[in-house]
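Let me give you the structure first, and then I'll get to my questions.
The values are calculated or read from the model by the stated rules, or taken from the named source; none is laboratory data. Since the model is a prediction, treat every value here as computed from it, not as a measurement. Cβ placement follows ideal geometry from the backbone for every residue including glycine, while neighbour counts extend to all protein chains displayed. In case anyone asks, the SASA skips ligands and DNA or RNA and just uses the protein heavy atoms, side chains included. Shrake-Rupley method; radii C 1.70, N 1.55, O 1.52, S 1.80 Å.
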Amino acid sequence: MLENINEKCAVVGIFGHKEASKLAYFSLHALQHRGQEAAGISSSDGHKLRIIKDRGLVMRVFDGTKLSTLSGSSAIGHTRYSTAGDDSILDAQPVFARYDLGEMAIVHNGNLTNATEIRDALIKKGAIFQTFMDTENLIHLIAKSEKEHLLDRIIDAVNRIEGAFSLVFLSRTKMFAMRDRHGFRPLSLGRLKNGGYVVASETCAFDLIAAEFIRDIEPGELLVFEEGKAPQSIKVFEPTPKRCIFEYVYFSRPDSVVFGQSVYQTRKNMGIELAKIAPIEADIVIPVPDGGVPAAIGYSQASGIPYEVGIMRNHYIGRTFIEPTQEMRDLKVKMKLSPMTEIIKGKVVIVIDDSIVRGTTSRRIVRMLKEAGAKEVHMRVSSPPTTDPCFYGVDTPDKDKLIAANMSVDEICKYIEADSLAYLDEASLLRSVNATEDNYCTACFTGKYII
Ligand code: SF4
């Protein structure tokens, strides 16, 4: 798929380590795939919060000098994806504020579905907002709460918001981590080698900093980190899990364990299921890199058709802005993906991708393979048709831009110029991730929104 659907953010928190900001930096590196537009870290030395954030990749935003100014034994960090035209530095996180109890910083992965109502109500009462981020609502709700302690104010504030949120808060002396009652977005807890703690959107961050995975933070659970104490768990909401199934399909890194399962294995299972429900005779199975790789391996193993690397991906081009003409758009895909002509020429090819969003990229891939001499190109997609947009923290095109919302599978097949096209069905997807429809959100495939 490569583009068109983007996770909006990653969050991390480090507590109880003398080089907290450096560990947050390395953790953000591991989570860079969840957002490349901006990065930020806020640290606390027990007396004062410091913050650095800017546009760009983690590596560009921070260097040794900057990190050394972020002193203290606790730090929270964020990487952000933003839609075009909405890339103001003000919208980078952490969001920092001074208020009557002191200083606070917040990072947020998700999307609040009642953000506009809350913002409008706050503005009517005189609140002034600096950004377009729904996360800023939380700052105001906490600052305006009449409760005496920050913990009670956080509980007060999260009771006012709805939607998807994995949050990490930092005060001068404490850190708080919380998931919404449905647990749409992941958030895991790990132990640092020195006995401190880490929370992160994905466990691949733990591997990089040699932290030990303890468990997921539960839907509706708030963890309080305080020096000299084990994290305190508070059940703020009765959990009603609706984990985002798209984390397995596309967002999360294959080396992460998300919602208790290996992402790589679930993707491979999707390929195995796909081979069962959409078999076809062919010479080779190839993935669209990188998302289609585990599913293509699964498809190959289940079907007995050899797996080959038929498309090379160029990882070094970043964003390109040359789009106005069709010719330039085609060139853009060619810059990212190149066919392995010697592998493809004269072959009947099954090409596996994780999803089709607008269909334009798939059409270019099919054309590219045919131009490279493929005899036939059969597209297999390791998720059901993406028919509905996400309102829970993932940036998707509007429904009218989603090809599966507007065309049948046969029409899409013709549009992308493939010889055949088949998708995974919902039941097979749920089987691949050992889930039931009850505990996972599948709204972008089914339109069944819980909120
Ligand atoms: S709508 Fe799709 S992308 Fe959004 S939370 Fe649900 S499954 Fe995930």
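Can you tell me the 0 to 90 degree angle between the C-alpha axis of helix 263-277 and the longest principal axis of the chain, rounded to 10?
30 degrees
With a 1.4 Å probe and every protein chain kept in, tell me what percent of the accessible surface of the chain is carbon plus sulfur.
Working: 9470 of 18470 Å².
With neighbouring chains kept in place, the figure for the chain is 51 percent.
While we're looking at this one, here's another question. Taking θ as phi - 60°, what are the ³J(HN,Hα) couplings along region 338-355 by the Karplus curve (6.51, -1.76, 1.60), each to the nearest whole Hz, with x for Gly and Pro?
10, x, 8, 3, 5, 7, 8, 3, x, 9, 8, 10, 9, 10, 10, 10, 7, 6
Which values of log₁₀ I(q)/I(0), to two decimal places, follow from the Debye formula for region 181-337 at q = 0.11, 0.15, 0.17, 0.18 Å⁻¹ with a uniform point scatterer at every Cα?
Relative scattering, expressed as log10 I(q)/I(0), comes to -0.64, -0.94, -1.04, -1.08.
Among the listed pairs K48/K229; K22/K53; K268/K345; K48/K147; K8/K125; K144/K229, which are separated by more than 24 Å between their Cα atoms?
Flagged as over cut-off: K268/K345; K8/K125; K144/K229.
Angle, helix 115-124 long axis vs. longest principal axis of the chain, Cα atoms, 0 to 90°, nearest 10?
30 degrees
In addition: Using only the alpha-carbon atoms, what does the chain span along each of its principal axes? Please give whole angstrom values in decreasing order.
Projected onto the principal axes, the Cα atoms of the chain cover 71, 43, 42 Å.
Another question, then. Given labels modelled 7 Å from the Cα in the Cβ direction, how far is it in nm from I89 to I280?
Going from the I89 label point to the I280 one covers 5.0 nm.
Over the Cα atoms of region 265-433, what Rg and Dmax result, in angstrom?
Both quantities, over Cα of region 265-433: 15.4, 44 Å.
Please report the base-10 log of the normalised intensity I(q)/I(0) for region 158-251, using a Debye sum with one equal scatterer per alpha carbon and no solvent, at each q in 0.16, 0.23 (1/Å).
For the requested q values the scattering log ratios are -0.66, -1.23.
Turning to a different aspect of this structure: Could you tell me the largest-minus-smallest coordinate of the C-alpha atoms of region 6-241 on each of the three principal axes, in descending order and whole angstroms?
46, 39, 36
Something else now. Normalized C-alpha radius of gyration of region 67-179, against 2.2 N^0.38 Å? Kindly include the intermediate steps, with their values, before the conclusion.
Working: Rg = 13.9 Å, N = 113, 2.2 N^0.38 = 13.3 Å.
Its radius of gyration relative to the 2.2 N^0.38 Å reference: 1.04.
Report the gain in length on full extension from Y99 to M59: 0.36 nm times residue separation, minus Cα-Cα distance, nm rounded to one decimal.
Values: separation 40, 0.36 × 40 = 14.40 nm, distance 3.14 nm.
Length difference between fully extended and current span is 11.3 nm.
Checking the cross-link filter: which aspartates and glutamates have an alpha carbon closer than 14 Å to that of K347, excluding same-chain neighbours under 8 positions apart?
List returned: E281, D283, E308, E371, E376, D419.
In deg cm²/dmol, rounded to 500, what helix-only [θ] at 222 nm does the chain give when every DSSP H run of at least 4 residues adds -39500 (n - 2.57) and the total is split over its residues?
Working: 16 runs with 131 residues, N = 451.
The per-residue figure over the chain is -8000 deg cm²/dmol.
Follow-up. Multiply the residue separation of E238 and F129 by 0.36 nm, subtract the distance between their alpha-carbon atoms, and state the gained length in nm to one decimal.
On the way: separation 109, 0.36 × 109 = 39.24 nm, distance 3.14 nm.
Extending this stretch completely gives an extra 36.1 nm.
Rounding to the nearest 10 and keeping the result within 0 to 90°, find how far the Cα-based axis of helix 293-303 lies from the longest principal axis of the chain.
40 degrees
If you don't mind, another one. ³J(HN,Hα) across region 39-46 via Karplus (A = 6.51, B = -1.76, C = 1.60, θ = phi - 60°), whole Hz, x for Gly/Pro?
Residue by residue, region 39-46 yields 9, x, 9, 10, 10, 9, 9, x Hz.
With +1 on each Lys and Arg Cβ and -1 on each Asp and Glu Cβ, and nothing else charged, work out how big the dipole of the chain is about its Cα centre, in Debye to the nearest 20. Spell out each step's value before the answer.
On the way: 55 positive and 58 negative charges, 170 e Å.
It comes to approximately 820 debye.
Suppose all protein chains stay in the model; what accessible area per residue would a 1.4 Å probe give for region 265-433, in Å²?
On the way: 7260 Å² over 169 residues.
Averaged over the residues of region 265-433, the accessible area is 43 Å².
Something else: What translational diffusion coefficient, in µm²/s and rounded to a whole number, does the Stokes-Einstein relation yield for region 348-451 at 4 °C and a viscosity of 1.567 mPa s, taking the hydrodynamic radius as the Kirkwood radius over Cα pairs? It would help to have the intermediate numbers written out before the result.
Values: Rh = 14.5 Å.
Roughly 89 µm²/s, to the nearest whole number.
Another one. Round to the nearest 10 and report in Å² the accessible area of T387, as given by a 1.4 Å probe over the protein chains' heavy atoms.
30 Å²
Related question: Take the alpha-carbon positions of region 226-298, form their convex hull, and give its projected area averaged over all directions (one quarter of the hull surface) in nm².
Values: hull surface 30.1 nm².
One quarter of the hull surface, i.e. the mean projection, equals 7.5 nm².
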